[in-house]
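**Q** The structure under discussion is supplied below as structure tokens; questions concerning it will follow.
The values are calculated or read from the model by the stated rules, or taken from the named source; none is laboratory data. Treat the numbers as computed from the prediction; the structure is a model and nothing was measured. In this analysis, Cβ positions are derived from the backbone assuming ideal geometry, glycine residues included, and neighbour counts consider all displayed protein chains. Accessible surface areas use protein heavy atoms only, side chains included; no ligands, DNA or RNA. Shrake-Rupley method; radii C 1.70, N 1.55, O 1.52, S 1.80 Å.
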Amino acid sequence: MKEHLAEILYVIALSKRTQWAFLLGMVFFIGINLMGDYYVSRLRFSGSMAALEQAVIPKLLKRYDKAAWFALISFWVLAFKCYQRDKRRFF
């Protein structure tokens with residue numbers, strides 16, 4: 001088990017593509033959630049549409065959250081593929 005962990009860490013340490021994919025997944029996840037929260041917090045309806053504001057805001061936040069999770073999972077899948085490719089190259 002110790003050898004497997006050392007092998008995984010060794011490949012990740014040498015693979016810049018895996019590191020970048022992993023890091024970009026986290027950055028995009030946080031960025032999309034923050035951007036969505038910022039834009040939705042500034043959303044205001046006026047007149048007869050004001051009553052719909054409480055119904056629309058949670059749905060928009062949920063869409064931003066889904067987009068953030070999709071970006072995170074996609075980048076981590078890319079990181080795993082890069083890891084596998086580099087593992088074959090190194091060993």
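**Q** What pairs can you find where one residue is in region 1-28 and more than 24 Å from residue 71 (Cβ to Cβ), the other is surrounded by 10 or more Cβ atoms within 10 Å (Cβ to Cβ), and their Cβ atoms are less than 8 Å apart, with a gap of 6+ or different chains?
**A** 7/87; 10/90; 14/86; 14/90
**Q** Among (1) open to solvent by 80 Å² or more (accessible area, probe 1.4 Å); (2) at pLDDT below 95; (3) of a type in the set (Phe, Trp, Tyr), where does residue 28 come up short?
**A** (2)
**Q** Among all residue pairs at least 6 apart or on different chains, which show Cβ distances below 7 Å where the first residue, located in region 50-69, is more than 13 Å from residue 32 (Cβ to Cβ) and the second is open to solvent by less than 70 Å² (accessible area, probe 1.4 Å) and in a helix (DSSP H, G or I)?
**A** Going by the 7 Å Cβ cut-off, the qualifying pairs are 57/40.
**Q** Looking only at region 42-91, count how many residues are among the polar types (S, T, N, Q) and either surrounded by 11 or more Cβ atoms within 10 Å (Cβ to Cβ) or not in a helix (DSSP H, G or I) (or both). Walk me through how you get there before you give the answer.
**A** Of all residues in region 42-91, those among the polar types (S, T, N, Q) come to 46, 48, 54, 74, 84.
If we keep only those that are either surrounded by 11 or more Cβ atoms within 10 Å (Cβ to Cβ) or not in a helix (DSSP H, G or I) (or both) too, we end up with 46, 74, 84.
Number satisfying all stated conditions: 3.
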